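Trainee: Below is the structure I would like to discuss, written out as structure tokens.
Just so you know, all these numbers are worked out from the coordinates, no wet-lab data involved. Here the structure is a predicted model, which means the values were calculated and not measured. Cβ: placed from backbone, ideal geometry, glycine included. Neighbour counts: every protein chain shown.
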Ligand code: NAP
Ligand code: F7E
């Protein structure tokens, strides 16, 4: 039975990846950091099938101990300070976790077992102020936030360890991917949760920042499959994972509100608190290399994604639940 370690197991992608690996017959080890309250809401349905271990990307000793004790064949590094807005208020912390955390983990692999296959969660935020449309593997990076800068470091240290130590280390450059398990602070989930609240009479407005930004939004369940496929290749290579389709925040609003027969203009308040010091205006990826070499393609359209998230949030509220 192959064994995989997932860092960021409690996050959106960690939960979908754990489900996928379990369905493929893996023994799954999920790393969680210590917090004063336990929040396993995304993974509680599979918790008894997973070996949950404490560890932190800030603490290299914890990483070495996990690798020595559990001996994984594959490591998926999904842990990060992943919210772009927070990276301006906590730039050093973001660098420690999202950039240097990658080196701590790669170096632990080099020391304990260099045969381990490694996946790095790189991001379309590395393209930032884009120099090419659409963005592909060879497009130069121009990050626009401390988060984007930290991800560029994580990306290049992964390439460097592959070339320096012959590690099977792969970097997936994933464009935005969403789901009903998306954190409530990200714009898609913030919108669908508020649409559900407004529809049910529990709120009467939603406060947002820049509505013109365009993103290539896909479904997280599709994207974790690409991560797994990357580690099954003989040669480690880097891949863009995207839909090739782009929409503005305003288009997302339009789609979500009209689905429940409401007009978004009646409820949206623009609030400078949600504007960013530097914006990424347009992202759209070219996933053709992943299509050709991995046989990967997205299965959920923009419209299906929006509706899936709105439906889920309406059900969550009707069942008396709270957002993840
Ligand atoms: P997420 O929901 O924010 O999950 C992040 C995970 O990282 C959580 O499990 C979190 O644990 C964990 N974490 C944070 N700091 C840590 C630390 N110091 N040590 C150990 N674990 C730590 O993010 P996601 O959307 O699933 O994204 C997964 C990865 O892909 C991230 O690296 C993100 O930057 C990257 N990415 C995401 C997207 C996207 O659109 N979703 C696109 C490209 C790249 P807690 O539960 O304790 O907070
Ligand atoms: O913002 C605009 C905001 O926070 C999307 C992370 O997973 O994907 C994600 O980063 C856009 C931006 O995601 C609000 O200005 C307007 O232009 O949902 P977001 P993100 O910054 O694209 C990448 C690929 C990652 O790697 C990251 O980890 O929406 N926007 N009004 C808003 N955004 C938020 N959050 N809140 C607003 O009120």
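Trainee: What is the mean projected area of the alpha carbon convex hull for region 102-200, to one decimal in square nanometres?
Mentor: Taking a quarter of the hull surface, the average projection is 8.2 nm².
Trainee: Further question: Looking only at the chain, where both bridge partners belong to it, what percent of the DSSP beta bridges are antiparallel (to the nearest 5)?
Mentor: In the chain, DSSP labels about 5 percent of beta bridges as antiparallel.
Trainee: Can you give the Rg to Rh ratio for region 117-162, taking only C-alpha atoms and Rh from Kirkwood?
Mentor: 0.98
Trainee: Under a GNM of the chain (C-alpha, springs under 10 Å), which listed residue has the highest mean-square fluctuation: 101, 25, 14?
Mentor: 25
Trainee: What angle, in degrees between 0 and 90 and rounded to the nearest 10, separates the Cα long axis of helix 220-231 from the longest principal axis of the Cα atoms of the chain?
Mentor: 20
Trainee: Once every Cα of region 221-260 carries one equal point scatterer and solvent is ignored, give the base-10 log of I(q)/I(0) from the Debye formula at q = 0.20 Å⁻¹, two decimals.
Mentor: Log-scaled intensity ratios, in q order: -0.72.
Trainee: Still on this structure, please answer the following. Given the -39500 (n - 2.57) contribution per DSSP H run of 4+ residues, what per-residue ellipticity at 222 nm results for the chain, rounded to the nearest 500 deg cm²/dmol?
Mentor: Only helices count here, giving -11500 deg cm²/dmol.
Trainee: How big, on average over all directions, is the shadow cast by the Cα convex hull of the chain, in nm²?
Mentor: 15.8
Trainee: Now for a separate question. Kindly list the residues of region 169-185 that lie in the label zone of residue 86, defined by a backbone N under 19 Å from the point 7 Å along the Cα-to-C-beta vector.
Mentor: Correct set: 176-185.
Trainee: A further question on this structure: Between 0 and 90 degrees, rounded to the nearest ten: what's the tilt of helix 302-318 against the longest Cα principal axis of the chain?
Mentor: Orientation of helix 302-318: about 80 degrees from the principal axis.
Trainee: Over region 217-324, what portion of Cα pair distances is larger than 22 Å, expressed as a whole percent?
Mentor: Across region 217-324, Cα pairs with separations above 22 Å total 50 percent.
Trainee: Next up: With an 8 Å cut-off on Cα pairs and a minimum separation of 6 or more residues, tell me the relative contact order of region 108-180 in percent.
Mentor: Reported relative contact order: 42 percent.
Trainee: Relative contact order for region 181-318 using alpha-carbon pairs under 8 Å, separation at least 6, rounded to a whole percent?
Mentor: In percent, rounded to a whole number, it is 39.
Trainee: Next question. Once you put a point 7 Å from the Cα of residue 46 and another 7 Å from the Cα of residue 254, both along the Cβ direction, what distance in nm separates them?
Mentor: The answer from the label model is 3.6 nm.
Trainee: Something else: With everything on Cα atoms, drop me the angle between helix 101-112 and the longest principal axis of the chain, reported from 0 to 90° to the nearest 10.
Mentor: 30
Trainee: Output the Kirkwood hydrodynamic radius of region 277-324, Cα pairs only, in Å rounded to one decimal.
Mentor: Value: 14.1 Å, from the Cα pair sum.
Trainee: Something else: Pick out which of 308, 275, 230 has the largest mean-square fluctuation in a Gaussian network model of the chain, springs linking Cα atoms closer than 10 Å.
Mentor: Looking only at 308, 275, 230, the largest GNM fluctuation is found for 275.
Trainee: Using Cα-only point scatterers and the Debye equation, what is log10 of I(q)/I(0) for region 67-144 at each q in 0.11, 0.24 Å⁻¹, rounded to two decimals?
Mentor: For the requested q values the scattering log ratios are -0.38, -1.10.
Trainee: Right, something else. Top mean-square fluctuation among 69, 304, 19, Gaussian network model of the chain, C-alpha springs under 10 Å?
Mentor: 69
Trainee: Please work out the Cα convex hull volume for region 161-276 and give it in Å³ per residue.
Mentor: Here the figure is 127 Å³ per residue.
Trainee: Here's a follow-up. Expressed as a whole number of Å, what is the distance separating the alpha-carbon centroids of region 18-33 and region 275-312?
Mentor: Using only Cα atoms, the two centres lie 24 Å from each other.
Trainee: Shape verdict for region 1-117, please, from the Cα gyration tensor: rounded (a/c under 1.5), prolate (a/b greater than b/c) or oblate.
Mentor: oblate
Trainee: Compute the whole-percent fraction of alpha carbon pairs in region 24-85 spaced more than 16 Å apart.
Mentor: Tail of the P(r) past 16 Å holds 52 percent of the pairs.
Trainee: Okay, next question. State, as an integer percentage, the relative contact order of the chain based on alpha-carbon contacts under 8 Å between residues 6 or more apart.
Mentor: 18
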